[in-house]
Amino acid sequence: MIQQLIDRYKRLRTERFLAQTYHHSYAFVGMGQHSLTNLYPVIHYLGVPLKYICVTSERKARLIERKFPHVKATTSLSTILTDNDVKGIFVAAAPSAHFSIASQVLKSGKSLFIEKPPCQTLQELDALIEQQQLYGIPEHRSPIPEQSSPTRSHSRSHLPVAMVGLQKRYAPAVQILQKRLCKEHLISYDLHYLTGAYPEGNALLDLYIHPLDLVTYLFGKPEIIACQQIASASYILMLRHTHIVGTLELSTLYSWTSAEESLKVCTSKGIYRLSQMELLTFEPKSSSLLGIPYEKVHKHNKTIEQLYTRNTFTPTLPNNQIYSQGYYSEIHSFITSIELGHSNTLTNITTIKPTYEVLMRIKDLFAKSS
């Protein structure tokens, strides 16, 4: 009896996954290591109908068609933009090319998923937001009915969306933390984002956009109280938000082998610790009597609540780093937004303007002093 229930559950779970089919075609611009490692595997897993892959090299295009015979490889972006079958385009090209490509995609009326950074300046971001308002979704739409599914999308009109690939907002640990913090009285936070040298690009835009967007998402629009450049592309910052202040160390002076991404948030009830998007814990504050900490009077075992951890033993989807880091959920959000005709993304291009404002402020501070 128990075995029959288990078999039935597994069968229904598999059938439910296989029933999630899509009715539109999609394209991908770019094929670098990041795309191959983090984005293409999710697209393949979801069964997204990828019609084109666009690259800059004819040689690479020929190799792509040999590797992926079901996909058309092209060096012509206009071929994709004029194909009415394609409703959504993923862009993960060289960061310097993102703004130009994103502008063309938005003007074509197709949906856009643009990897970070979407552009190089705040003025360029404003231009993309303006283009989205001209060609993209309205600001507000009614909620998606619970019974809706991508398989019913053919009865709904296509509504272009534009989102940025800042996957940490979608990480399960971040979602849990965000919900918990909404109910807390916030005091302070401490963030460390420490890597090795980054000679291949702009660390501020390519790397630090992640931690700065994370604290903007969790705590609201930041104001720089203090900022010190401790080395080239390495900073110590103090930010003030409406209900909390925080310090950040953003540095490429460390090591890629032991890179660190950690966040500690102090609230009136206790301390939250988030490590590498893999582990989230909560440590309640010790009670006190007449202002005297109880833990000083009577020793007791410290209680730490584990709110999220990635199980590295069982190789299921939720235990895959592509899922725990947020890549799966962001791509799934983009696809279902197109198929359902309703944007449910956390990273609509309009939402990242506060992140760009603080990025450009840091850039301006040290451009003037150099």
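Each value in this text was obtained by applying a stated rule to the coordinates, not by laboratory testing. Nothing here was measured: the structure is a model prediction, and the numbers come from that model. As a convention, Cβ positions derive from the backbone with ideal geometry for all residues, glycine included, and neighbour counts pool all protein chains shown.
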When 262, 76, 287 are ranked with the fewest other C-beta atoms within 10 Å first, the list becomes 287, 76, 262
By the C-alpha gyration tensor axes a ≥ b ≥ c (rounded if a/c is under 1.5, else prolate when a/b exceeds b/c, else oblate), the shape of the range 81-121 is prolate
Under the helix-only model (-39500 (n - 2.57) for each DSSP H run of 4 or more, divided by the residues of the chain), the mean residue ellipticity at 222 nm, to 500 deg cm²/dmol, is -10000 deg cm²/dmol
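Kindly work out what percent of the DSSP beta bridges joining two residues of the chain are antiparallel, to the nearest 5.
60
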Counting only DSSP beta bridges fully inside the range 172-324, the antiparallel percentage to nearest 5 is 85
Quick note, the range 172-324: a/c under 1.5 would make it rounded; otherwise a/b > b/c is prolate and the rest oblate (a ≥ b ≥ c, C-alpha gyration tensor); here it is oblate
If one compares the long axis through the Cα atoms of helix 327-340 with the longest principal axis of the Cα atoms of the chain, the angle in degrees, nearest 10, works out at 50
In the range 294-357, the chymotrypsin sites (Phe, Trp or Tyr not before Pro) that sit in a DSSP loop and have at most 11 other Cβ atoms within 10 Å of their own Cβ are 313
If each part is reduced to its alpha-carbon centroid, the range 27-91 and the range 308-324 end up apart, in Å, by 27
If one compares the long axis through the Cα atoms of helix 172-181 with the longest principal axis of the Cα atoms of the chain, the angle in degrees, nearest 10, works out at 50
Quick note, the range 26-106: a/c under 1.5 would make it rounded; otherwise a/b > b/c is prolate and the rest oblate (a ≥ b ≥ c, C-alpha gyration tensor); here it is rounded
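Ranked by Cβ crowding within 10 angstrom, fewest neighbours first, how are 282, 113 ordered?
Going from least to most buried by this count: 282, 113.
Which loop-located chymotrypsin sites (Phe, Trp or Tyr not before Pro) does the range 1-68 contain, where loop means any DSSP state but H, G, I, E or B and the Cβ has at most 15 other Cβ atoms within 10 Å?
Numbers: sites: 9, 17, 22, 26, 28, 45, 52; in loops: 22.
Sites meeting the loop and neighbour criteria: none at all.
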Interchain or sequence-distant (5+) residues whose placed amide H lies within less than 5 Å of the amide H of residue 307 are 280, 281, 282
Scoring the range 172-324 by relative contact order with C-alpha pairs under 8 Å, at least six apart, yields a percentage of 26
Rg/Rh over Cα atoms for the range 160-211, Kirkwood Rh, comes to 1.06
As straight-line cross-link partners of residue 302, the qualifying lysines (C-alpha separation under 18 Å, not fewer than 8 residues apart within one chain) are 264, 269, 285
Check: C-alpha center the range 92-131 vs C-alpha center the range 200-251, spacing in Å is 23
Taking Cα atoms, the helix 209-219 axis meets the longest principal axis of the chain at an angle in degrees (rounded to 10) of 60
